[in-house]
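No value in this document is a laboratory result; all are computed from the given coordinates. Quantities reported herein were computed from a predicted structural model and do not represent experimental measurements. Every residue, glycine as well, gets a Cβ built from its backbone with ideal geometry; the counts of neighbours run over all protein chains shown.
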Amino acid sequence: MPTPASTLTQPARATTRIVQLFRRGDHLLWISGGALALAVLLVAGLLLVVVRNALPAFWPFPVTAVDRADGAKLLGVVTATQSAYKGTPAQTQLRVGNRELTNADFIWVPTAQLTNFRTPADAVQIERQENGDFFGFLQRVEVKGLSVADGSAAWEKLLALQPGARALATQAKAIQLDGIGAINAKMQTAKLRLVSAQLRAGKNGAVDPALQATVDADLARLQAEYEKLRAESGALAAQAAETQAVFTTIGGEVKKIPLTAVVRAFRPNAMTTREKLAHYFSRAAEFVYGQPRESNTEGGVFPAIFGTVVMTILMSLVVTPFGVVAAFYLREYARQGLFVRLVRIAINNLAGVPSIVFGVFGLGFFVYFVGGGIDQIFFPEKTSLHLPTFGTGGILWASLTLALLTVPVVIVATEESIAAVPRGAREGSLALGASKFQTILNIVLPASVPGILTGVILAMARGAGEVAPLMITGVVKLAPDLPLDGSFPFVHLDRKFMHLGFHIFDMGFQPPNSEAAKPMVFTTTLLLITLVVLLNLFAIRLRDRLRRKYQASAF
Amino acid sequence: MPAPVPLPAPLGAPLATPKPGEGVSAPADAVPPKIRVHSLDFFYGAKQALHSVTLDIPAKRATAFIGPSGCGKSTLLRCFNRMNDLVDGVRHTGRILVGGQDIHVPNLDVIELRKRVGMVFQKSNPFPKSIYENVAYGLRIAGVTHKAALDNVVEKSLHRAALWDEAKDRLHESALGLSGGQQQRLCIARAIAVEPDVILMDEPCSALDPIATAKVEDLIHELKKEFTIVIVTHNMQQAARCSDRTAFFYLGKLVEYAETRTIFMNPANPQTEAYVSGRFG
Ligand SMILES: Nc1ncnc2c1ncn2[C@@H]1O[C@H](COP(=O)(O)OP(=O)(O)OP(=O)(O)O)[C@@H](O)[C@H]1O
Ligand SMILES: [Mg+2]
């Protein structure tokens, strides 16, 4: 108390302060404030951990050469150190790469055994198409087995030839994917024509010989085309592979690497900060825009980003009208009574059902029952060859399952915003001779749009982060095609897709080389968080614009 | 008070103004009744809000309902356009005729009734739309899409509601940006845009300052040339100033109903006299 003389002052006792705190009710303030602070701290901590682990993932750290006590020389990047604990001495973790030679990307060595740390300027780190990174020293560059550059000129030559070799390899791959893929699809169609003819003819009936002949001819022609393309692609690949870089490892082993396999070659110890930054952003861009490599532990996650966005949007498109219509019926048309109360309780409880239960339902109902039914009716010839179209997991079924999972959120939010529409506006409309439906459409619905969007935002946030139900309704580790592309009918709702959430799970727990995937787990997590935040920001902006439009004024 | 008379019940017949002197006892000034209420009892669930109310409201006149809070003025007013239908568990006995038509016959078109009987609420309730769209709302929901026709009606209604000069430059701005008094006049413009026969006003000035109130009162004087007006008010001066006839209600019963002059100068009932002179209520 500021003025001890005041008659309002409590008698001075040891407990006075505490007693006063409780008497004024301030302890509640402290408890609630503390709880909020804790919540903020947790969120900040989570972001910090993710960002801290994700950001250095693409940085070119120096390559260290070091001697081990047993006489071996090691070359690699120091990735972690561990101080001595009880009986275990201090240890250092090195990423030494060269997996096909050493069988281990990462090794732990007792720090005491390591001497003579140095960072040779000419140490080369190669990010390879396969087998992870390579560490070594460049000797020469060969074309068709003949040296074209060696010594200090070799490095320049390698940098000059690498893009061309990569381009050739990409071209060969494109022929394989697009050209050969298209031929395969055509062959499939031709075969299916035969099968459907067979189905029509019945079990013992014979297929029209003319049809049989045309299909055979088609197949032969396609087969020839296929052989030609394959030869073409093979020739390109062989031509590209003629250019090789010859390295020696620090142990003195010679290793030839075709330039087609070199994704990036760099000398971290000789790089300036500007070059390092350029390297960092080039890898970050590849991560966002590129295709995954090495069972998803390297390269990019673009298909997963794309799949997540498309799935979330599809889900919102389904859940919004469905939830809104259901809420309007519950609030405006249904007779309020025991039954409606029970329905409401059921809806609220639906939000608490474990998501995998929805996944199982989606698998049983959407995939097997609805999808299987569609296949029976519309794709009998494929079904008879056990080739499901809709009768297997796909982006449509995954989106519908998530829509079901999130519909309670939309219903509850919509009901609340309908209830918040002022009675005056409703009565004003009805008093002008509007029907109930017109009033709902013209007055109640526009006024409750911001509330509805709040529900959709929450639903999107929940849906985008959900993984378990997707794993059994359509997500795969590696999808050959995106759910939207240039081939007719452009939107392929039956396709399987990739998803960032599943990608994280897959990278963190499945790959042969989980140590190398660690930073990618965090970068992908950061990306998933960013994506959810972006989707939400978009919806929040939309809501605020609408809210300003319908804002009620106090007079 | 006119004695209760047997009322005609033209079931399903179109709404029509009864011809003057159509066999019923006309009010003192011989104006034909627009609304006739006959022994109306009204219940909210078990609670009775109106007790056997019988009265005739003359066409093209302003009629005021006065009485202490909770006496059932709003309830009666909301019976005239059947807004009470929106409340769960209401029921009534007795009859209400608007323009000769019983409004409780089963096949009555409530939407048509509400177009004929417009309403202005105590708290102004413009829609969160532009001024133009507020006034055009009634026509739009009735299916009018012709732009020129809408423009025409909007301008005319705003003129009649004495709002045109203030609103003509901001027709397409939100109505929520208007002042309270302007909003209330906008609600009046919105009500008259659909050309009703009757306008019901439930304490239209209770949230307005004296100047805005005076504007609305002037408006009532203008409007009663074309419309039948029923106004609920707690303001005795207002009732005295702008109504032709006044009905005094107490505890759900119609205590006295006569020419406004009579109610204020020479009331027959001592309760009325006590209320209008401000000694209770
Ligand atoms: N929706 C309702 N449900 C139950 N009772 C109601 C309802 N509306 C009004 N009442 C009751 O009916 C009686 C008459 O109400 P009403 O609103 O008609 O009074 P009023 O004369 O308009 O009063 P005020 O001058 O305060 O507006 C009151 O006792 C009120 O409590
Ligand atoms: Mg009232």
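Quick notes on this one:
- MRE, 222 nm, helices only [DSSP H, n ≥ 4, -39500 (n - 2.57), over chain B, to nearest 500]: -9000 deg cm²/dmol
- Candidates per GluC sites (Glu not before Pro) in the range A:198-293, loop by DSSP, up to 12 other Cβ within 10 Å: A:E253
- For the peptide B:121-128, the mean number of other protein chain Cβ atoms found within 10 angstrom of a residue's Cβ is 6.
- Cα centre as origin, Lys/Arg/Asp/Glu Cβ charges: the range A:56-180 dipole, Debye: 140 debye
- Close amide H partners of A:E298, meaning residues 5 or more places away or on another chain with modelled amide H under 5 Å apart, are A:R293.
- Couplings for the range A:94-101, taken from phi via the Karplus curve 6.51 cos²θ - 1.76 cosθ + 1.60 with θ = phi - 60°, read 10, 9, 9, x, 6, 4, 6, 9 Hz in order; Gly and Pro are left as x.
- For the range A:397-459, trypsin sites (Lys or Arg not before Pro) meeting the loop criterion (DSSP other than H, G, I, E, B) and having at most 14 other Cβ atoms within 10 Å: none.
- In sequence order, the range A:42-52 has phi-based couplings of 5, 4, 4, x, 4, 4, 4, 4, 5, 5, 4 Hz under the Karplus curve 6.51 cos²θ - 1.76 cosθ + 1.60, θ = phi - 60°, and Gly or Pro positions carry x.
- Alpha-carbon centroid distance for the pair the range A:415-446 / the range B:86-162, whole angstrom: 14 Å
- Top positive-direction residue, dipole computed over the range A:61-270 with Cβ charges, set A:L158, A:P258, A:L192: A:L192
- A crude spin-label estimate for the pair A:F490 and A:T530, with each label 7 Å from Cα along the Cβ direction, gives 2.9 nm.
- Long-range HN-HN contacts of A:R140 with modeled amide H, under 5 Å: A:V246
- Of B:K123/B:K147; A:K436/A:K496; B:K123/B:K225; A:K255/A:K496; A:K73/A:K256, pairs whose Cα-Cα distance is over 32 Å: A:K436/A:K496; A:K255/A:K496
- On the beta carbon distance between B:T93 and B:D169, with R0 = 45 Å, the FRET formula returns roughly 0.30.
- Using a simple spin-label model with pseudo-atoms 7 Å out from Cα toward Cβ, A:E242 and A:L146 lie 1.0 nm apart.
- Within the range B:201-238, trypsin sites (Lys or Arg not before Pro) in DSSP loop having at most 12 other beta-carbon neighbours inside 10 Å: B:K225
- From the largest down, the protein assembly as shown spans 125, 107, 52 angstrom on the principal axes of its Cα atoms.
- Near-label residues of the range A:221-247 by backbone N, under 20 Å of a point 7 Å along Cα→Cβ of A:K256: A:234-247
- Cut-off 14 Å between beta-carbons: net charge of the residues surrounding B:R190, Lys and Arg +1, Asp and Glu -1: +3
- Neighbourhood charge, 11 Å Cβ-Cβ cut-off, centred on A:L192 and excluding it, Lys, Arg +1 and Asp, Glu -1: +3
- Local electrostatic count, A:Q438, Cβ distance below 13 Å [Lys/Arg +1, Asp/Glu -1]: +4
- Positive end of the dipole of the protein assembly as shown (Cβ unit charges, origin at the Cα centre): among B:Q122, A:Y289, A:V343, the Cα lying farthest that way belongs to B:Q122.
- Computed extension gain for A:H386 through A:E332, at 0.36 nm per residue and net of the alpha carbon distance, reaches 14.7 nm.
- Gain on full stretching of the segment that runs from B:V110 to B:A207 - 0.36 nm per residue minus C-alpha separation: 32.0 nm
- When GluC sites (Glu not before Pro) are flagged only if DSSP places them in a loop and at most 16 other Cβ atoms lie within 10 Å, the longest unflagged stretch of chain B comes out as B:23-172.
- Site pair A:E225 and A:Y85 shows an inter-label distance of 6.1 nm when each label is modelled 7 Å from Cα along Cα→Cβ.
- Per-pair calculated FRET efficiency, R0 = 60 Å: A:V340 and A:L41 via Cβ, rounded to 0.05: 0.90
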